1. Could you list, in sequence order, all residues of region B:167-207 that are charged (D, E, K, R) and more than 9 Å from every other protein chain (Cβ to nearest Cβ)?
2. If I ask for residues that are out of contact with any helix residue (DSSP H, G or I) (no Cβ under 8 Å at 6 or more places or on another chain) and surrounded by fewer than 16 Cβ atoms within 10 Å (Cβ to Cβ), which ones from region B:192-223 would you list?
3. Can you pull out every residue in region B:91-106 that is more than 7 Å from chain A (Cβ to nearest Cβ) and surrounded by 15 or more Cβ atoms within 10 Å (Cβ to Cβ)?
4. What single numbered condition from (1) modelled with pLDDT of 95 or more; (2) within 21 Å of the chain's Cα centre (by Cα) fails to hold for B:Leu45?
5. Looking at region A:259-280, can you tell me whether even one residue there is at pLDDT below 95 and of a type in the set (Phe, Trp, Tyr)?
6. Whether any residue in region A:285-303 is β-branched (Val, Ile, Thr), out of contact with any Gly (no Cβ under 7 Å at 6 or more places or on another chain) and within 11 Å of chain B (Cβ to nearest Cβ) is what I want to check.
7. Could you tell me which numbered condition B:Thr130 fails, if it satisfies all but one of (1) at the interface with chain A (Cβ under 8 Å from one of its Cβ atoms); (2) outside any helix (DSSP H, G or I); (3) among the polar types (S, T, N, Q); (4) in contact with a Ser or Thr (Cβ under 9 Å, 6 or more places away or on another chain)?
8. Check whether at least one residue in region B:330-344 is in contact (Cβ under 8 Å) with a residue 24 or more places away in the chain, of a type in the set (A, V, I, L, M, F, W, C), within 16 Å of ligand 2 (Cβ to nearest atom) and within 14 Å of chain A (Cβ to nearest Cβ), and report yes or no.
Amino acid sequence: MATTVLAPGATRTYRRSALYEWLTTTDHKKIGILYLTNSFLFFLLAGLLALVIRSELAVPGLQFVNSSTYNQLFTMHGTTMIFLVLMPFLAGLGNYAVPLQIGAADMAFPRINALSFWMLPLGGILMFSGFFFGGAAAEGWTSYSPLAQAKYSGSGTDLWIVALLLIGTSSILGSINFLATIFKLRAPGMTLLRMPVFVWTVMVTSLLILLATPVFTSGVFMLYIDRNFGGAFFDPASGGNPILWQNLFWFFGHPEVYILILPAMGVISEVVPVFSRKPIFGYKAFIFATLLIGGLGFSVWAHHMFTTGAVYLPFFSLTTSLIGVPTGIKFFNWIATMWRGKISFATPMLFAVGFLSTFLVGGLDGAILASPPVDFALHDTYWIVAHIHFVFFGGTMFGVFAAAYYWFPKMFGARLDEGLGKIHFVLMLIGTWVTFFPMHLLGLEGMPRRIADYSPAAGWTDLNTVETIGSFIIAISVLPFMWNVFVTLRGPRDAGDDPWDGYTLEWATTSPPPPYNFDHLPPIRSERPLFDLKYGHGARRALPSASVATTQEGAS
Amino acid sequence: MQLSPRVRSVVTVAGLAGAVLLLGGCSALYPPNAASSQGADIRTLYSIFMVPMIAIFVLVEGLIVWSVLRYRRRKGDDELPVQTHGNNLLEITWTVLPTLLVLVLFFVSWQTLNKVDAEPANPAVTVDVTGFQWQWTFAYPQYNLSYTGIGDQGPVLVLPVDEVIHVRLHSNDVIHSFYVPDFLFKRDVIPGQVNNFDLNLKDAGVTYTGQCAQLCGMGHYQMRFTVQTMTPANFQAWVQAEQAKAKATPAPAAGGQAGPTLQLSASSTTSFDETSLSAPAGQPFTVQLTNKTAGAPHNFSIKDASGKVLFTGLPLAQPGQTVSYSVPALPAGTYTFFCSVHPTNMTGTLTVK
Ligand code: HEM
Ligand SMILES: [Cu+2]
Ligand SMILES: [Cu+2]
């Protein structure tokens, strides 16, 4: 077992530049921040593509781009948001928080950790370079064959494949690293059932990545062979089977959507208890539900293929219906946590409540699709686009922003401004609903997804115009966030170690934590070691009026 | 309740926005009334699902809003709330009830699925639908009739009401999806696999629009078509008239072509292999079009600068065929030639001088 070398080595005779430090770091906290920064930059890029898409759709007619550019735009938007924004956002949060929350000094394999990160910007640059070599990939993030075969698509698709091989490898390595860290590096006393819920969700997510992603990387590799060396895996013209691609893709793709939501649920399960001043309601049920989602997540993939006429519908309909139950359990747990609590609404909590009220829609409008006949009507329409975004934007992205506001003081020693945070939250919440809710109605009216233009006679214009306005509200909402980060980093670092009166170990060290994280650890006797330390186990005592200074006593 | 003014305005704005969205949405939260009996079953099923959906939505959002308003931490309240860790009875309830609910919904939707997917033994009319980049061909094998879409509105599918229609879906290139929103139904059109479904239409004399629902390349957004319904009697009359018309159309004149011959070929559905041609003014000429595209037909047509179509080449050149089109004399000038099957992207310049 590779254990981390704790001694920082002999005294340095020279100082390295800060840039060199960041480029070569193997510290999980710095790598975590690199992940988050990289994801945010790609978020801005893919968001820009979304604004072009929305501007094009605002009114009928092709005003800004032609249809082949349009296809490249939504392909790159979707692929980037999933593989270069959400997955790495969550990996970054995990990187930063998991070792701290389990009282470890670093990730189990620090250098592999750095390698996993650096594959991402490389993959992203490769994928986007398609725009300069005759066009980026244009087959959607699902890249169905035969459309993705060389006969029907350009070299951008090859770049897309190579990029996803890199990114896939990165997340497989990352998941192994998380699993090793969580199973091997927990502090004494940190049993599995005392781990913070966030750590549990990262663990289940890592298992999903480890089991699902190799299937996907194999699939894209086969596609590469098809395209370049005359393979015949997915092309019926040479004896292949296009449904095989869909099975491989969705065998990965469906667990992928849980990969993208579980850690965000974990974040919400950290934030809601702390700001309600109560423990998470039903800790064990919550973990059971997470495991159940992970397990069932592997038996529902073909609900993306109900209209292909190539899958046995009742089976996948049943499993898909059932997977709604554990998600429901979580909702009730979160609400019961707030119930009779004493909730304060700092920005992390606002985003958590935003998550609850918005993600709910993404749960319901997806649950109805578990019914094959209903899916016959709604599949591949704007209903699906609404569903995707209520889950990913209203869900995961709200969770990511909750986490950003929550852990920012730990990362940089300064709290983000509350006023700007509230402006960010309100604009983003309104923008999300205005942009994505009307997409349900368009889907019901029959507007297919992935179309560059629609007829004025279709009657879809008004709703599309509203959505475009909404998308610009979302875009504007990001500005106060960026400004907030900028001014806060220039201001005093006076947040203190434990600005939220937190429960978990990351708040027991300094902000930012030293290399290797802890001088000493408080005793760990429950899933809230710091709470026990401050309030006594199960005691009913007074809340501090102001933030408490951390007591760094205790054994280890 | 003590809400700070800032929070109160936030809640008000968010609440108002939500209310406006929901109210505006309510009537629109249901799909259109279905044109087919299968679609009507799906619409009923959708409405059944919507009852618990809306109930859960209202319940959960209500609980969230209530907790947020009721359990705010007041100023000066420094007591720790009761630290409840769970409640077995509650947790079992909210596990078991939803499980029962989804099982019931699953069985209801299974029933509907069997109805929608039923294929009675003797359909009155069978239609072969072929999707290709980026048009449709609708063929009636019983009647020897076939229509390939031309222009950006695509072909018309004429169907009788009150009879069982059997639809078979074919593709020769990529995956498409046959979708008519008013049927509340789509099915993928997959190369190497023939998908089927049956249809019973209700109202005669109605026109429905449909379009491809599966991304199939750059012309996907305009892969449109129209469905037109008729009473069974009118449908039979239409079939007879069309068959008579097909007989009356002379076969394309072989030989006897006047004037010079221009060569043109098409290896894909995105563009002709030649994008400029020139022909003599005031003299008929011939265009020999070779279709080298695997999955799609093409033709040769001409329009002038104002977009007026001057010549439409028929019949279409099917994959692998070479067809000669005799074009009447044109005055000198610059024209656009195009493929009627792929009018937006397969174009070129025809210089007549
Ligand atoms: C500024 C906010 C956003 C806007 C306005 C936006 C807009 C859109 C639109 C209009 C489409 C449909 C394109 C089409 O089908 O023709 C789309 C697709 C998609 N979006 Fe977004 N989006 C936003 C943010 C996000 C985020 C944050 C994510 C995920 C994290 C995301 C993930 C996706 C995915 C996966 C697709 C499907 C792509 C495909 O069909 O290949 N979007 N988006
Ligand atoms: Cu299509
Ligand atoms: Cu053509």
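The values are calculated or read from the model by the stated rules, or taken from the named source; none is laboratory data. Quick caveat: nothing in here was measured; it's all calculated off a predicted structure. Here the Cβ positions follow ideal geometry from the backbone for every residue, glycine too, while neighbour counts run over all protein chains shown.
1. Those that are charged (D, E, K, R) and more than 9 Å from every other protein chain (Cβ to nearest Cβ): B:Arg168, B:Asp198, B:Lys202, B:Asp203.
2. Matches in region B:192-223: B:Val194, B:Asn196, B:Asp203, B:Gly205, B:Val206, B:Thr207.
3. Once the filter is applied, which keeps residues that are more than 7 Å from chain A (Cβ to nearest Cβ) and surrounded by 15 or more Cβ atoms within 10 Å (Cβ to Cβ), region B:91-106 yields only B:Leu101.
4. (2) is the only condition that B:Leu45 fails.
5. Within region A:259-280, none of the residues are at pLDDT below 95 and of a type in the set (Phe, Trp, Tyr).
6. No - not one qualifying residue is present in region A:285-303.
7. Status for B:Thr130: all satisfied but (1).
8. no
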